[in-house]
Structures are given as structure tokens and as C-alpha cells.
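Each remark here refers to the structure printed beneath this line.
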Amino acid sequence: MSFYSDNIFPLILDHTEPKEMATLRKSNLADVQDDILEIGIGTGSNLAYYPERINHLTSIEPLRAMQSIAMKKGERNSILINWHIGVAEDLPFEKDSFNTVVTTGLLCSVEEPAQVLKEIYRVLKPLGKYYFLEHGLSRIARIRRYQKLLNGVNKSIACGCNLTRDIENLIENSSFENSEYFYPKPFKGIGSLYEPIQGIATK
């Protein structure tokens, strides 16, 4: 880790998110059930959007600096959070442990997204649901060109975040057999490089 990733990037991430993400976070979490694992909780931006019925959450995050910000946000709501430090490619949980897994902006930045999906599948209980809100390769040719052009720069600035991951293809080629996808309206301006994809995959 570096001074930038530990001290600067968490603050950038926490203050530069497109305004539309608030609505998307709320809709993505509207139907989640208890016994939840959120992988890559980051600075805790999802915490304000979990339904009131949710009272317990397990989280895992590789960066302690991110987790520290999330923990402060966690103190301001009524959700009991079990905090873990670790990587998504090797989750420290038993098979069939959770009813629900949540990720937001995770698959773009992990080194081995296919392995992450294997781990998500492993820790979900049978018929458990994976709720994802990610961003990836645009369906618009013009934007795809900019994504490919700027991907290297974005990875440097955003600590490994890829603009060109094909999220739907990754999930379709994972162990999940039942998946549904939603394509929200693309963000405006520079945010259009981060085309959102939302969905649910069932084990």
C-alpha cells in the first residue's frame, strides 16, 4: 500500500461519486435479506441505504484506511457490523454461510474477478442471492473507445479500477445459473466512463 492509496484515494472516493449513485444504491439494496456479507465495503457508502429491517451485517475490506472511514459511518446507524480485513479472492468464511452477498464497484478493481465470483458462490447458502451494482464496458461504441483509451490512467488514479471489464460476461461465465441484469441510465459527463450495471444472481 502507498500513502496515496491509504490516505488520499479514500477521501477522493468518498467525495466524487456521481449523484445518481445514491438512487442506484438504494434500489440495489431494497430487497436484501438479513445474514448479509458486503464485500469491499470501502468507505461505507452503502450503509445509509440498507432497509430499516436490516440489523446485522458482515463486511470485508482489504484497506484499513477505507474501513476506518466506514466504521465511523457505521457508528451513525443501527446496523450491527462485524468488520473483517481481507481480500475478495480468499474469503475467510465457511461454505454456505450467508443468505445475501452485496458488492458495489468491486469487480472492476480486483485482480481476479472470476475467482471472486467463485468465492461469492461458495459462501452463499443454496438459493442465496448476490446483489451487485458494478460498472464496466459500455454498450455504446463511442464511450467504449474512450474507456479503452483512458483505462490505464484510470487504473493509476483509482487504485486498479478498470473501465473495460465486461461484468455481465464475467457473471454469465461464473457458477451462477440464474442471473438478471438492469442497465440504469448512463452517468453524465466524465461519469459516462463508468457505465453502471445492476443485477441479482441466485445460487
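The values are calculated or read from the model by the stated rules, or taken from the named source; none is laboratory data. Note that the coordinates shown come from a computational prediction; the quantities given were computed from them, not determined experimentally. Quick reminder, even Gly has a Cβ in these numbers, built from the backbone with ideal geometry, and neighbours come from all protein chains shown. Only protein heavy atoms, including side chains, enter the accessible area calculation; ligands, DNA and RNA are left aside. Shrake-Rupley method; radii C 1.70, N 1.55, O 1.52, S 1.80 Å.
Yes/no per residue for (1) more than 14 Å from ASP35 (Cβ to Cβ); (2) surrounded by 16 or more Cβ atoms within 10 Å (Cβ to Cβ); (3) touching a residue at least 60 places away in the same chain (Cβ under 8 Å):
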{"position": "LEU63", "(1), (2), (3)": "yes, yes, yes"}
{"position": "LYS72", "(1), (2), (3)": "yes, no, no"}
{"position": "ILE85", "(1), (2), (3)": "yes, no, no"}
{"position": "ALA88", "(1), (2), (3)": "yes, yes, no"}
{"position": "LEU91", "(1), (2), (3)": "yes, yes, no"}
{"position": "GLU111", "(1), (2), (3)": "yes, no, no"}
Legend entry - Verdict on LEU57 being in contact (Cβ under 8 Å) with a residue 12 or more places away in the chain, touching a strand residue (DSSP E or B) at 6+ places or on another chain (Cβ under 9 Å) and open to solvent by less than 20 Å² (accessible area, probe 1.4 Å): yes
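Condition check ((1) part of a loop (DSSP other than H, G, I, E, B); (2) under 21 Å from LYS125 (Cα atoms)) across all residues:
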| site | (1), (2) |
| --- | --- |
| LYS26 | no, no |
| ASP31 | yes, yes |
| ASP34 | yes, yes |
| LEU37 | no, yes |
| ILE41 | yes, yes |
| GLY44 | yes, no |
| ALA48 | no, no |
| LEU57 | no, yes |
| ILE60 | no, yes |
Inset, instruction - Sort out which residues of the range 117-176 are within 20 Å of VAL87 (Cα to Cα), open to solvent by 60 Å² or more (accessible area, probe 1.4 Å) and among the aromatic types (Phe, Trp, Tyr), and write them in order of number. - result: TYR121
Legend entry - Residues (among the β-branched types (Val, Ile, Thr) and more than 15 Å from the chain's Cα centre (by Cα)) located in the range 112-135: VAL123
Inset, instruction - Find the residue count for the range 20-49, including only residues that are more than 13 Å from PRO196 (Cβ to Cβ) and open to solvent by 60 Å² or more (accessible area, probe 1.4 Å). - result: 5
